[in-house]
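A short write-up of the structure that comes next.
Read-outs throughout are calculated quantities, based only on the coordinates presented, and are distinct from any laboratory measurement. Just so we're clear, the structure is a prediction, and the values are computed from it rather than from any experiment. Every residue, glycine among them, receives a Cβ derived from its backbone with ideal geometry; neighbour counts consider all protein chains shown.
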Amino acid sequence: MTKSSVRIEQGGQNLSDSIIQLDNVHLTLTSKAGPVHILRGVSLDIPAGQPAAIVGPSGSGKTSLLMVMAGLERASSGSVAIAGRELTRLSEDDLAVLRGAEMGIIFQSFHLVPTMTALENVALPMELAGEADAYKNARELLKEVGLAARVEHYPAELSGGEQQRVAIARALVREPRIIFADEPTGNLDGGTGRQIVDLLFGLRRRRNATLVIVTHDDRLAHMADRIIRMSDGSVASDESTRSSAVRAVSP
């Protein structure tokens, strides 16, 4: 077993059902001052359908961990597998195909196209994939996230919470089995953030999707079945919120 290793049953699920598997993952970036170690020997298994929160102080590596899981950042060493496919062996094109088929990604910043309506923003990835019912499906998704009456509005005409709802709808267009969310409430006020959290977890539940969410919000983290706590690029503890078990990781 490697340093910062966490390989345990979670919520009664067998690890053979894991949809996300990391083994001894390191991420090292270069700077003028020398190498910067972002992730240090992280090993994790996340079963299909599990909601998991990644928490930790600023600079602990939580967002970098999510980016590596999503294939948006290449690990320097170690193994990262999504749905049984090893990301480090995939070309950028194959990685993009896998990401489109298996993952929906939601960021703190909404990344909406300002010259497109909410409907057009959600329909765009389906149009690019050549789907005939792109606009019909986009309307259904916007209805599901509570924006049926706002589909023709541009991002500048929407509140922050409404823009994040558009971003969530867009992340769901390919019916992903994994939803990654990086501080999805970070740019929202408390009340709006709680609505977005409830929406995200409700959507996850209805789809039986895996949700991996990075957050500094303790209430949000405890809505997940599992809390992975990062410290200095390593997993410090791995806690099931459905039991009293807290697993500290030996240095």
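Worth pointing out:
- Relative pair counts by distance (%), Cα atoms of segment 15-244, 5 Å bins: 1, 7, 14, 18, 19, 16, 12, 8, 4, 1, 0
- Percent of Cα-Cα distances greater than 24 Å, calculated over segment 122-251: 37
- Cα gyration tensor category, rounded, prolate or oblate, for segment 177-239 with a/c compared to 1.5: oblate
- Per the Kirkwood formula applied to alpha carbons, segment 120-170 shows a radius of gyration over Rh ratio, Rg over Rh, of 0.96.
- Counted by Cβ distance under 15 Å from LEU128, the other residues give a net charge of -2, where Lys and Arg count +1 and Asp and Glu count -1.
- Highest average packing first - 59-70, 81-92, Cβ atoms within 10 Å: 59-70, 81-92
- The helix-based estimate of mean residue ellipticity at 222 nm for the chain, built from -39,500 (n - 2.57) per DSSP H run of four or more residues and divided by its residue count, is -9000 deg cm²/dmol to the nearest 500.
- Bridge orientation summary for segment 103-251: considering DSSP beta bridges with both residues in this region, about 50 percent are antiparallel.
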